[in-house]
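Below is one structure; the comments refer to it alone.
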Amino acid sequence: MGLHQAKAFLEKVVSKKQAVPYRRHKKEVAHKAGLQGWYAGKYPVKAAQQTLKILNDLEANAEEKGLDTERMRIIHAAAYKGRTLKRYFPRAFGRSSPNFEKLCHLEFVAEETR
C-alpha cells in the first residue's frame with residue numbers, strides 16, 4: 001500500500017468512516033457495511049492513531065533523506081511482542097489481582113518506487 005493511501009485509510013478509521021476488516025479472530029465481531037470481501041470489522045481508533053503517528057514519522061524521515069514521499073510504498077509491516085508492565089490491584093483479605101499491560105512494537109519499512 002502506498003504511504004499516502006495508508007495514511008488516508010487510518011484517518012478514515014479514526015473518524016469512524018471506514019472499518020478495519022477482521023479476518024482471523026471474528027467469531028463475536030459485528031458485521032460492518034462497506035467492507036469489500038469481508039463481513040466482520042471494527043474501528044480500532046487508538047491503535048489507528050498510534051500507527052498514524054509512526055507513519056507520519058516515517059514520512060518525515062523519508063523527506064529528511066531526500067526521498068519522494070509521493071512514490072513511497074510500505075513493503076513491510078510487523079508487530080512484535082513488547083514488555084509486560086506488571087502491576088497488581090489490591091483486593092480484600094490481603095489478596096491481589098494482576099493488572100498486566102502488554103505492550104507491542106510496530107515496525108514499518110517503506111521504499112521509493114519508480
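Throughout, read-outs are computed from the coordinates displayed, never taken from laboratory work. Since the model is a prediction, treat every value here as computed from it, not as a measurement. Every residue, glycine among them, receives a Cβ derived from its backbone with ideal geometry; neighbour counts consider all protein chains shown.
Each of the peptides 42-50, 74-82 was scored by the mean count of other Cβ atoms within 10 Å over its residues; in descending order, highest first, they stand as 42-50, 74-82.
With only Cα atoms counted, the stretch 23-88 has Rg and Dmax values of 16.9, 48 Å. Note on the chain: lysine pairs with Cα distance below 12 Å, sequence gap of 8 or more or different chains, count 10.
Within 9 Å, Cβ to Cβ, of Ala62, how many net charges do the neighbouring residues add up to if Lys/Arg are +1 and Asp/Glu are -1? Kindly include the intermediate steps, with their values, before the conclusion.
Numbers: positive: Lys65; negative: Glu59, Glu63, Glu64, Asp68, Glu112.
Around Ala62, the charge tally is -4.
What is the chain's relative contact order, in percent, from Cα pairs under 8 angstrom and six or more apart in sequence?
Relative CO of the chain lands at 24 percent.
Normalising by residue count, the chain has a Cα convex hull of 156 Å³ per residue. Legend: ranking of residues Thr51, Thr69 from fewest to most surrounding C-beta atoms inside 10 Å; resulting order Thr69, Thr51.
A simple rule links phi to the HN-Hα coupling: the Karplus curve 6.51 cos²θ - 1.76 cosθ + 1.60 with θ = phi - 60°, which for the stretch 23-39 gives 9, 9, 9, 10, 5, 10, 9, 5, 6, 10, 7, x, 8, 7, x, 10, 10 Hz, with x for Gly and Pro. Helix content alone sets the calculated 222 nm mean residue ellipticity of the chain: runs of n ≥ 4 DSSP H residues at -39500 (n - 2.57) each, divided across all residues, give -9500 deg cm²/dmol. Quick one: go through the stretch 2-18 and flag any residue whose amide nitrogen is under 11 Å from the point 7 Å out along the Cα-to-Cβ line of Val45. Of the residues in the stretch 2-18, 14-17 have backbone N under 11 Å from the label point off Val45. Take 10-18, 88-96, 27-35 and order them by the average number of nearby Cβ atoms within 10 Å per residue, most first; the result is 10-18, 27-35, 88-96. Net charge dipole, the chain: roughly 1020 debye, given to the nearest 20, about the Cα centre with Cβ charges of +1 for Lys and Arg and -1 for Asp and Glu.
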